[in-house]
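**Q** If you scroll down you'll find the structure; I have some questions about it.
The values are calculated or read from the model by the stated rules, or taken from the named source; none is laboratory data. None of these values were measured; they are calculated from a predicted model. Backbone-built Cβ (ideal geometry, glycine too); neighbour counts: all protein chains shown. Just the protein is used for accessible areas: all its heavy atoms, side chains included, with ligands, DNA and RNA removed. Shrake-Rupley method; radii C 1.70, N 1.55, O 1.52, S 1.80 Å.
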Amino acid sequence: MRRFPWPVVGFTLLYLAPAIVVAIRTGNGEFLFYIAVMAVLLSVMIVVHRRVQLSGWALWGLSVWGLLHMAGGLLPVPESWPINGTKRVLYSWWLIPERLKYDHVVHAFGFGVTTLVCWEGLRSIIASFTGQRVRPSLGMLTLAAAAGMGFGALNEVIEFVATLLVPETNVGGYINTGWDLVSNLAGCAIAVVAIRLFDRGVPAESPH
């Protein structure tokens, strides 16, 4: 019997509820759209977890990523903080002026976690067929990183859809998309190095 990740789901719902209230009160159609996407993703992750039994690192990483995303679009920043663009929210904040934004860090973190999820799913599927330990080989990690980058590209498609559905968004233009993809790649690369260093090839429980 697989354990349902109630603490992670509860924590996620705990920050989604006020995020919905803030988005409605401020008329933030962009983030109402993203919240709907997050609700779908939460359901998908529950199904994936029941199938492959994701680690606590993966589950909590996904939930924290959602929190960072909601905060990024809804929390205002002080007038004295340097920003990119016109919307004074965390996503626009330059952590290092003209070099590193909050947005870049969230992209790197999020798609690093996505790469971990892809690795755990791939490992579990192969282990269920072979009954053997699945070690993080270069080929396997390349596939996991490629999958993480693929989901990063899907995220850019979702952002593009948001610009079509909502008149004013904080998505940014072509250069922003390019830096998003670079940040995704950095996160995926860090994730595969961490997996290589710390995953000892413990076999995943076979799916039922």
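**Q** Considering each residue of segment 136-154, count those that are open to solvent by less than 60 Å² (accessible area, probe 1.4 Å) and touching a residue at least 40 places away in the same chain (Cβ under 8 Å), and give that number.
**A** Residues meeting the conditions: 6.
**Q** Something else: Sort out which residues of segment 82-104 are under 22 Å from F151 (Cβ atoms) and in contact with a strand residue (DSSP E or B) (Cβ under 7 Å, 6 or more places away or on another chain), and write them in order of number.
**A** Within segment 82-104, K101, Y102 meet the criteria.
**Q** Restricted to segment 159-208, and to residues that are in a loop (DSSP other than H, G, I, E, B) and hydrophobic (A, V, I, L, M, F, W, C), which residue is modelled with the highest pLDDT?
**A** Filtering segment 159-208 for residues in a loop (DSSP other than H, G, I, E, B) gives 166-173, 199-208.
Narrowing the set further to residues that are hydrophobic (A, V, I, L, M, F, W, C) leaves 166, 171, 202, 204.
Details: V166: 75, V171: 65, V202: 50, A204: 44.
Only one residue tops the list, namely V166.
**Q** Here's a follow-up. Pairs please, first residue from segment 167-183 and within 18 Å of G110 (Cα to Cα) and of a type in the set (A, V, I, L, M), second anywhere and modelled with pLDDT under 90 and open to solvent by 40 Å² or more (accessible area, probe 1.4 Å), Cβ atoms under 6 Å, 6+ apart in sequence or on different chains.
**A** Final answer for the pair search is V171/T163.
**Q** Tally up the residues in segment 1-42 that are surrounded by fewer than 16 Cβ atoms within 10 Å (Cβ to Cβ) and not in a helix (DSSP H, G or I), please.
**A** Residues in segment 1-42 being surrounded by fewer than 16 Cβ atoms within 10 Å (Cβ to Cβ) and not in a helix (DSSP H, G or I): 6 in total.
**Q** Here is a follow-up. Considering (1) open to solvent by 40 Å² or more (accessible area, probe 1.4 Å); (2) under 21 Å from E159 (Cα atoms); (3) touching a Phe, Trp or Tyr at 6+ places or on another chain (Cβ under 6 Å), say which one L100 fails and leave the rest.
**A** Here L100 meets the rest and fails (3).
Here's the yes/no breakdown for (1) out of contact with any helix residue (DSSP H, G or I) (no Cβ under 9 Å at 6 or more places or on another chain); (2) without any contact (Cβ under 8 Å) to a residue 24 or more places away in the chain:
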| position | (1), (2) |
| --- | --- |
| L32 | no, yes |
| S63 | no, no |
| G72 | no, no |
| S80 | yes, yes |
| I96 | yes, yes |
| R99 | yes, yes |
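**Q** Same structure again: Among (1) of a type outside the set (V, I, T); (2) touching a Lys or Arg at 6+ places or on another chain (Cβ under 6 Å); (3) not in a helix (DSSP H, G or I), where does R50 come up short?
**A** (3)
**Q** Only one of (1) part of a helix (DSSP H, G or I); (2) open to solvent by 50 Å² or more (accessible area, probe 1.4 Å) fails for R133. Which number is that?
**A** That leaves (1) as the condition not met.
**Q** To continue, here is another question. Taking into account only those residues within segment 53-66 that are part of a helix (DSSP H, G or I) and of a type in the set (G, A, S), which is surrounded by the fewest Cβ atoms within 10 Å (Cβ to Cβ)?
**A** Looking at the filtered set, the residue picked out is G56.
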